[in-house]
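Q: I am attaching a structure below and will ask some questions about it afterwards.
The values are calculated or read from the model by the stated rules, or taken from the named source; none is laboratory data. Keep in mind that what you see is a predicted model, and the values were worked out from it rather than measured. Cβ coordinates were reconstructed from backbone atoms using ideal geometry, including for glycine residues, and neighbour counts include every protein chain displayed. Ligands, DNA and RNA are excluded from the accessible area calculation, which covers all protein heavy atoms including side chains. Shrake-Rupley method; radii C 1.70, N 1.55, O 1.52, S 1.80 Å.
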Amino acid sequence: MKKFIVDRIEGDKAVLECENGDMVNLELKALPKNIKEGDVINFQENSYFLNSDETKARK
């Protein structure tokens, strides 16, 4: 499982920071609805999921 943090949202794309510090641009439609900057997203089995517990812990 990979973990990403939503760095920012630009139009119809989200910029995600990978665990290793790399930045990735993804279309918002590929991600969970209603994501916000600072949210923690997990990638597992070809899908992205919001990790609410880690997001709350980061804030």
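Q: List the pairs whose first member sits in segment 42-59 and is over 16 Å from residue 17 (Cβ atoms), whose second member is open to solvent by 90 Å² or more (accessible area, probe 1.4 Å) and in a loop (DSSP other than H, G, I, E, B), and whose Cβ atoms are under 8 Å apart, counting only residues at least 6 apart or on separate chains?
A: 44/1
Q: Taking the condition of being in contact with a Cys (Cβ under 7 Å, 6 or more places away or on another chain) and either closer than 15 Å to residue 47 by Cα or of a type outside the set (A, V, I, L, M, F, W, C) (or both), how many residues in segment 3-28 meet it? Don't jump to the end; show me each part of the working.
A: Keep residues of segment 3-28 that are in contact with a Cys (Cβ under 7 Å, 6 or more places away or on another chain), which gives 4, 24.
Narrowing further to those that are either closer than 15 Å to residue 47 by Cα or of a type outside the set (A, V, I, L, M, F, W, C) (or both): 4.
Number of matching residues: 1.
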